[in-house]
Each structure stands twice: as structure tokens, then as C-alpha cells.
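Working notes for the structure below.
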Amino acid sequence: MSEPSPLDAYSATVVGVAEALGPRVAALRVSAGRGDAAGSAVVLSAEGHLLTNAHVVGDATSGEAAFADGTLSRFAVLGRDALSDLAVLRADRDLPTPPEYGDADRLRVGELVVAVGNPLGLAGSVTAGVVSAVGRSMPARGRRTVRIIEDVIQTDAALNPGNSGGALADARGRVVGVNTAVAGIGLGLAVPINATTQRIIGSLVRGEAVRRAYLGLVTGPAPLPTRWQERTGRQSALRVVEVVSGSPAEVSGLRRGDFVLAVNGAPLGDAQSLQRVLREDTIGSRVEVTVLRNGALVDAVAQPVELDD
């Protein structure tokens, strides 16, 4: 008897994820002022919640979800957050048990991922690929505000129109992302499931508005000067690319070119870490921002305001 090949193990993994997630991903049909829209959604909770993209439901308040077994359910939109491109729906009947949700912050480049959704109206479609990159950024547009979604997952698993709102899962079948965009051939993007988006999802489930603190900094990861790498034990920090005019950051004296090392003493390791510390409870509070400027450490005191969308 011949030995199993690596492709056999690969196929078995993809089949296992498909069988686990296929019944838990629905095809959505939404009617709104802009006409009918289609997409996907994944079961979120045993209480009948579904998770999808905000851009899939748009301004609609309701729609229809179809599952692989032929079950149809009407749903109401509980909440949507355009600036994370996430929305939570509530179905009018019992749904399949929810899948396990993972932590996208633990993904590694090259790791196998499986996308399950309903591209081009083809229900229950499964594609597989790898994590092409992590830490990507993607603009999300609200009513009046454009915000960058950080730590977006890039994958070469084939995505097409209709995949939006579907599940991106790891090899163990844990949902680690919500497929959101097709950026080109062999280039798909997914909103990560992590601590930040879990807080947003929790607010949407409760029907609450998502509140965000705002400093007015546009940053990107950049290597620290060698001397400061040795002194701090860190390879990189967040370099300020832009300070928005009139923002709390400008009022505090932060400047373009500063390296942001910490906020209230909490080290910042990546772009998402700044958003993590700018929680709802920091709105209107004084925060200390430690930056490296012209070879010297500088502390600036800023007072975040609520991001108004």
C-alpha cells in the first residue's frame, strides 16, 4: 500500500473545514433603495445571530438568509459599523450551532486558510489557499469618516462577488476572518477576528453604537534607529505619517516623523495596538503619548475626542 501523500492530508483538511462550516454559512439576499444585493453571513451565536459585512447590508433593515440544507430565514439588521465593515443580524428562527471563532492575531504567513461563502450566487462554495500577508490596511468609509481597518488578512484563496460576509477559517475550522474584498486576481482581503473586532461585534449584538476615541494620527510601522533598538529592545514603532489639522494630536504637539513608542506607558507594537488603547473609556481623558523625536524621548499629553461618523 502506498504512503499517503501530503496532498491527501491537505485535501482531508479542506474537506473537514468545508463540512464543518458549510451548514453554518448562509447566502444573503438584501433589498434596499440601491436595489438587491447578495452576500454571505456566518452563524455567530446560538441565539440566532449572524455576522456579515456592513457593506453587504448597506442601509437595509432586513433581508433573507438561505442555508445549505434549504432552510430560509428572514433576518433583521441589529447593528452595523461601516468603519470596521461588520454587521450583526438576527434571524427569525433557530440556526445551526455556531462555529468556533479563533484569533487572527495568531495567524502566520503561509498558513492554510479556507474561504466559505456564496460567490456569484453559487451557494456553499469553498476555496482554499494560504495567508499571503498579515497586517495589511484597508480603508473603510462611513457616512462622513474614512478610517483604516488595521491587521487585515490577505489571502490567495479565491474570492468573488458574493463571498463578502462569508467565513475565512484556519485549518482547524476556526473562523479567523470575515471575507470583505477582492483586491485583484489571487488577492482577497478579510476583516480579522481578534480582540478589537470582538469588542465591536459585542456592541453590535447589544444594539449599541460603536464608540471610538480619536487622536488624529495616521501612522505606520517603521524600524527604530539602531541605537534605540538596542536601548528599548524593540525593532520597530509607529511612525507618524500625518497629523490631522485641528485634531487632539496636533493640539498636543505631536509631529509628522515622530516615532510613537507608548500610550499611557503601554508599548505599541503594531498599527492595531494604537487602536486598542484608544478605547471608549479614553474619550475625553488625558493620555500620555511617548514619542522619539530627533533622537530624544518626548512625552505629549493629548485628550482624545469621540470619532464622529
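The values are calculated or read from the model by the stated rules, or taken from the named source; none is laboratory data. None of these values were measured; they are calculated from a predicted model. Glycine gets a Cβ as well: all are built from the backbone with ideal geometry, and neighbour counts include every protein chain shown. Only protein heavy atoms, including side chains, enter the accessible area calculation; ligands, DNA and RNA are left aside. Shrake-Rupley method; radii C 1.70, N 1.55, O 1.52, S 1.80 Å.
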Among residues belonging to segment 256-268 that are in a loop (DSSP other than H, G, I, E, B) and either open to solvent by 50 Å² or more (accessible area, probe 1.4 Å) or in contact with a Phe, Trp or Tyr (Cβ under 9 Å, 6 or more places away or on another chain) (or both), point out the one that is nearest to Val305 (Cα to Cα).
Asn264
How about segment 46-138: which strands (runs of 3 or more DSSP E) wholly inside it have at least 1 residues that are over 19 Å from Ile200 (Cβ atoms) and either in contact with a strand residue (DSSP E or B) (Cβ under 8 Å, 6 or more places away or on another chain) or open to solvent by less than 10 Å² (accessible area, probe 1.4 Å) (or both)?
62-66, 72-81, 86-91, 112-117
With the structure loaded, tell me whether Ile149 is assigned to a strand (DSSP E or B) and free of Cβ contacts under 8 Å to residues at least 60 places away in the same chain or whether it fails that test.
no
Return the total of residues in segment 148-167 being closer than 30 Å to Gly216 by Cα, open to solvent by less than 40 Å² (accessible area, probe 1.4 Å) and at pLDDT below 90.
4
The lone exception for Arg239 - which of (1) among the basic types (Lys, Arg); (2) surrounded by fewer than 15 Cβ atoms within 10 Å (Cβ to Cβ); (3) assigned to a strand (DSSP E or B) it fails:
(2)
For segment 242-255, check the following and say yes or no: at least one residue is assigned to a strand (DSSP E or B), surrounded by fewer than 16 Cβ atoms within 10 Å (Cβ to Cβ) and not hydrophobic (A, V, I, L, M, F, W, C).
yes
Inspect segment 70-91 for any residue being in contact (Cβ under 8 Å) with a residue 40 or more places away in the chain and under 30 Å from Ala12 (Cα atoms) and give the result as yes or no.
no
Among (1) modelled with pLDDT of 95 or more; (2) more than 11 Å from the chain's Cα centre (by Cα); (3) closer than 24 Å to Ala66 by Cβ, which single condition is Gly177 missing?
(2)
Matching residues, segment 269-300, being of a type in the set (D, E, K, R), out of contact with any strand residue (DSSP E or B) (no Cβ under 7 Å at 6 or more places or on another chain) and part of a strand (DSSP E or B):
Arg293
Out of everything in segment 185-217 that is in a strand (DSSP E or B) and under 20 Å from Ser40 (Cβ atoms), what residue ends up being most open to solvent (accessible area, probe 1.4 Å)?
Leu187
Can you go through His55, His49 and tell me which one is of a type outside the set (Phe, Trp, Tyr) and at pLDDT below 95?
His55
